[in-house]
Amino acid sequence: MCNGESMGLLAGINARRSCRAFRNVPLSPELLTSVFEYATFAPSAKNTQPWEAYVVTGEKLDALRAQMLDDLKNGRTAQVGKGSADTEARKKRARELSAEMTPFIQRQGWEAGSFVERSVRFFDAPAAVIVCMDEPEGKYHALDVGMFVQTLCLSATGHGLGSCILGYPLIVEPAIRDFLQIPESRRIMVCVALGFPDSEQPMAQFESSRAELEENIHFVR
Ligand SMILES: Cc1cc2nc3c(=O)[nH]c(=O)nc-3n(C[C@H](O)[C@H](O)[C@H](O)COP(=O)(O)O)c2cc1C
């Protein structure tokens, strides 16, 4: 099913880094089907597989993107993640991410302040995945969907693709919901950009750091 050499599991985990610069090359239906076949090997409580994913490509994605950008430009937006309470440690890591990424954004030639819009544009990737979950939410279903998203990104890596999980597109959630005719009973959880990385671009090379293990991994011996 998988084209090309498959890499070792640990190398694949290490290689999966958010990619924010993609080649303008369409993804074949066969490739996307294989990526999603592997993604569905994600575990889920009682094997309920509660994820619902829309995979948008080609002219449909052009039209969706245009609608999303129009809503963003005209202020038809919702707040995502802003103003919510967070721990000091997590706020610090978020600040560190911004600081680490800024030189790459500059080298990429992106104007300051354009990052949210570029996230909403799926960084111009050739495929956009809208990941949803039906209500009722249940105790573990959000966790299951998270594992699906991670497995999807790892599967993309194994197929030679770059991926970026995206929360910012939810700023224009109504545009996505209207365009894809997603019922109100289906919650849009997160989005994922998929495509071949434009590896020469700084924003395809950026790798964020990680906290020291002792900060949040508690070995009990
Ligand atoms: C729920 C979630 C939402 C995210 N939203 C965005 C986003 O809107 N824009 C973006 O560029 N990256 C987004 N990311 C990617 C994170 O910034 C990234 O996973 C983190 O910095 C770790 O880097 P890595 O994925 O390269 O390992 C998101 C990741 C997650 C899990």
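No value in this document is a laboratory result; all are computed from the given coordinates. On a predicted model such as this, the values are computed, not experimentally measured, just so you know. Methodologically, a virtual Cβ is constructed for each residue, glycine included, from the backbone with ideal geometry; neighbour enumeration extends over all protein chains shown.
If one puts a single equal scatterer on every Cα of the stretch 1-78 and applies the Debye formula without solvent, what log₁₀ I(q)/I(0) results at q = 0.12, 0.19, 0.23 Å⁻¹?
-0.58, -1.17, -1.28
What's the ranking of 192-198, 141-147 by average number of surrounding C-beta atoms within 10 Å, highest first? Display every interim value, and only then the final one.
Working: 192-198: 23.6, 141-147: 17.9.
So the order, starting with the most tightly packed, is 192-198, 141-147.
More than 22 angstrom separation, counting every C-alpha pair in the stretch 9-205; what % is that? Intermediate values should be presented prior to the final figure.
Values: 9724 of 19306 pairs.
Considering the stretch 9-205, 50 percent of its Cα-Cα pairs are separated by more than 22 Å.
Would you kindly derive the ³J(HN,Hα) couplings of the stretch 172-187 from the backbone phi angles with the Karplus curve 6.51 cos²θ - 1.76 cosθ + 1.60 (θ = phi - 60°), listing them in order in whole Hz, with x for Gly and Pro?
10, 3, x, 5, 5, 4, 5, 4, 8, 6, 7, x, 4, 6, 10, 8
Taking the highest mean first, how do the peptides 206-217, 47-58, 18-29 order by number of other beta carbon atoms within 10 angstrom per residue?
Working: 206-217: 10.6, 47-58: 16.5, 18-29: 18.2.
In decreasing order of mean packing, 206-217, 47-58, 18-29 become 18-29, 47-58, 206-217.
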